[in-house]
1. Keeping all protein chains in place, calculate the accessible area per residue for the chain (probe 1.4 angstrom), answer in Å².
2. Could you run the Karplus curve 6.51 cos²θ - 1.76 cosθ + 1.60 with θ = phi - 60° over the stretch 314-323 and give me ³J(HN,Hα) per residue in whole Hz, x for Gly and Pro?
3. Taking +1 at the Cβ of each Lys and Arg and -1 at the Cβ of each Asp and Glu, which of Ala217, Ile183, Gly205 sits farthest along the dipole of the stretch 173-227 towards its positive end, judged by Cα position relative to the Cα centre?
4. Working out 0.36 nm times the residue gap between Arg69 and Trp100, then minus their Cα-Cα distance, what length gain in nm do you get to one decimal?
5. Ignoring ligands, DNA and RNA, please state the percent of accessible area on the stretch 126-322 from carbon and sulfur, probe 1.4 Å.
6. Tally the DSSP beta bridges in the stretch 126-322 and give the antiparallel ones as a percent, rounded to 5.
7. As an exercise, use a Förster radius of 45 Å and the Cβ-Cβ distance of Glu45 and Ala312 to find the FRET efficiency, rounded to the nearest 0.05.
8. Magnitude of the Cβ-charge dipole of the stretch 126-322, K/R +1 and D/E -1, about the Cα centre, nearest 20 debye?
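The values are calculated or read from the model by the stated rules, or taken from the named source; none is laboratory data. A quick note: this is a predicted structure, and the numbers were derived from the prediction, not measured. Don't worry about glycine lacking a Cβ; one is built from the backbone with ideal geometry, like all the others, and counts go over all protein chains shown. Quick note on the areas: whole protein, heavy atoms, side chains included, nothing else; ligands and nucleic acids left out. Shrake-Rupley method; radii C 1.70, N 1.55, O 1.52, S 1.80 Å.
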Amino acid sequence: MKILGVETSCDDTAIAVLEGRDRILANVVSSQTALHRAYGGIVPELASRHHLENIQPILDEALGMAGARLTDIDGVAVTAGPGLIGSLLVGVSFAKALAWAMGRPLVGVNHLEGHVRAAYIEAPDLPYPALALVVSGGHTSIYLSPEEGVYKLVARTRDDAAGEAFDKAARLLGLGYPGGPIIDRLAKDGDPASVPFPRARMSDGSLDFSFSGLKTAVLRQARAAGLAIERSAPSPAYDPHGPERGPQEDAPAEPSQAVRDFAASFQTAVVDVLVERTMSAAQEQGARAVVVSGGVACNSLLRTAMRAACDARGLALAIPAPKYCTDNAAMIAAAGRLHLERGERATLDLSAQPGWKLGGPEAARTTLRHK
Ligand code: KG4
Ligand code: ZN
């Protein structure tokens, strides 16, 4: 069985072909990062326009890579939410048209379920119950997956996502966009103990995350150390990461040692919180395995720290290869396969659901709408 995955929830246009349970025949991602870099964040209107231009060539490329024709496809899985409405609509409309034209089944997939299932592409036999940390530019949540395809929300961020915190810190230091990979690289030559950053915990005892205190500390410490690059130009377009900045210049060629120390201290503060909260949740929920996925799961310190923490507790760990951590369609095809095999079908009134929550109270209602 070959499944076509379609993902356009944010700024990457992605199409993949999955065969069977875990053979990825093609995984094509067209990144718009360079386009949005000029604004220091994603501009939704630009994103949806580029999805529209890119999606057909990306499909052709994916089919070519898979050595498949459209008629070889047995089912179509598309991200229906959460995400940017304009971006989601391009993928959903395209997938509906394909499924209808070919007479193949269609299923709408939750993007966050896709991130979780990405781990099972390379680790299909991970034991249950599994605890999944999904950590990206838009999300920072922990889910319990007691069995295949079932999710319960255990913790979420009350404000910024961890990736957003990386992006904002990098922007303040004038390092460029997206910030995560740049901070990761600079931190390798920095002292993680040089700048004291807070590790926030909820006063109500919940395992939820909050990065707003860290954000304030970053601003304060960067100003105090003379590292803050502050621009007064108004934002030229809508910027989901904050309205206070104008177009970004390229990153400086040689960041100073002080910037590297700052980056290392910041990264360690974020990673400490992510690992500590995930381990607490794993213990509370009696998990046997941990999954870490989403763009921030590419972070080298997070990967090694999570490995050490899981090894110390005898927990199995799966962190997908970076190409399956950041947004991609292989993960959507992998999650879609589960639903298609259970006989779930979306009808042609499937629509984009920008606020679709995974494992929350709305999950049952949303699934019904897909049948
Ligand atoms: O999953 P993703 O590609 O898109 C979203 O759904 O958000 O994640 C993008 C986020 C960005 O915030 C980016 O800065 C962050 O992932 N990121 C990283 C690293 N690589 C990407 N954060 C920390 N370290 C990295 N190596
Ligand atoms: Zn994502």
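1. Roughly 40 Å² per residue, with all protein chains present.
2. Values, residue by residue: x, 9, 5, 9, 10, 10, x, 4, x, 5 Hz.
3. Value: Ala217.
4. Working it through step by step, the gained length comes to 9.6 nm.
5. Of all accessible area on the stretch 126-322, carbon and sulfur atoms account for 53 percent.
6. 55
7. FRET efficiency, Glu45 to Ala312: 0.45.
8. Result for the stretch 126-322 is approximately 240 debye, rounded to the nearest 20.
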